[in-house]
1. Taking the Cα centre of each part, how many Å lie between segment 26-43 and segment 103-149?
2. Could you work out how much longer the chain between residue 80 and residue 127 gets when fully extended? Use 0.36 nm per residue separation minus the Cα distance between them, nm to one decimal.
3. Compute the FRET efficiency between residue 92 and residue 141 as 1/(1 + (r/R0)^6), taking r as their Cβ-Cβ distance and R0 = 41 Å, and round to the nearest 0.05.
4. Give the cross-link partners of residue 132 among the aspartates and glutamates, using a straight C-alpha distance below 12 Å as the criterion and excluding same-chain residues fewer than 8 apart.
5. Going Cα to Cα from residue 89, which lysines come in below 18 Å? Please leave out same-chain ones fewer than 8 positions away.
6. What list do you get for 16, 38, 58 if you sort them by fewest beta carbons within 10 Å?
7. Translational diffusion coefficient, Stokes-Einstein: compute it for the chain using the Kirkwood radius over C-alpha pairs as Rh, at 10 °C and 1.306 mPa s, and state it as an integer in µm² s⁻¹.
8. About its Cα centre, what dipole magnitude does the chain give when the only charges are +1 on Lys and Arg Cβ and -1 on Asp and Glu Cβ, stated in debye to the nearest 20?
Amino acid sequence: MQFRIGTGFDVHRLADGLPLVLGGVRIPFGKGLEGHSDADVLVHAVIDALLGSLALGDIGIHFPDSDPRYRGINSLVLLKQVWQLVRGKNFHLGNLDSILIAENPKMSPFLDAMRSNLAECLESTKDLISIKATTTEKLRITGRGQGIAAQVVVLLHGTS
Ligand code: MG
């Protein structure tokens, strides 16, 4: 069996009055992430991990922020497109592990819904998808509440 591993990392800036969408879940917070799409930092890191695992470039190559088609787009739509590339090469998800890095808000009430969204997009099950959350103890960009970061690793296995 063929195995491929990929890693993804992303950061977006927080701003007042924007919707906060993480893992496809709308989180009531009063602030949200800035970006060309819905700025879903977790899903962007998942996309980069998948693309990286198959050496297919990165999210900026596939979905350039100069392209008006992607303005405000739900990042789960982009993830589904990337997943079709993966499936087209006869790979399945082995497992996915991730960390959301943010001082606020509290992520735990929303993690299960995020896992469900990712499982659906990746034609997988929640037991193969882990989403954790941490703060940076008020240090760095995330600790000062200026942004939210996400880090992801995926393992794929090939079926051909
Ligand atoms: Mg991004």
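Here, each number is a calculation from the coordinates, and none is a lab measurement. Please read all numbers here as calculations on a predicted model, not as lab measurements. We place every Cβ from the backbone using ideal geometry, glycine too, and count neighbours over all the protein chains shown.
1. So the separation of the two Cα centres works out to 12 Å.
2. Using 0.36 nm per residue and subtracting the Cα-Cα distance, I get 15.0 nm.
3. That gives a FRET efficiency of 0.70.
4. Excluding near neighbours in sequence, the set is 97, 112.
5. Correct list for residue 89: 80.
6. 16, 58, 38
7. D = 102 µm²/s.
8. In total the dipole reaches around 100 debye.
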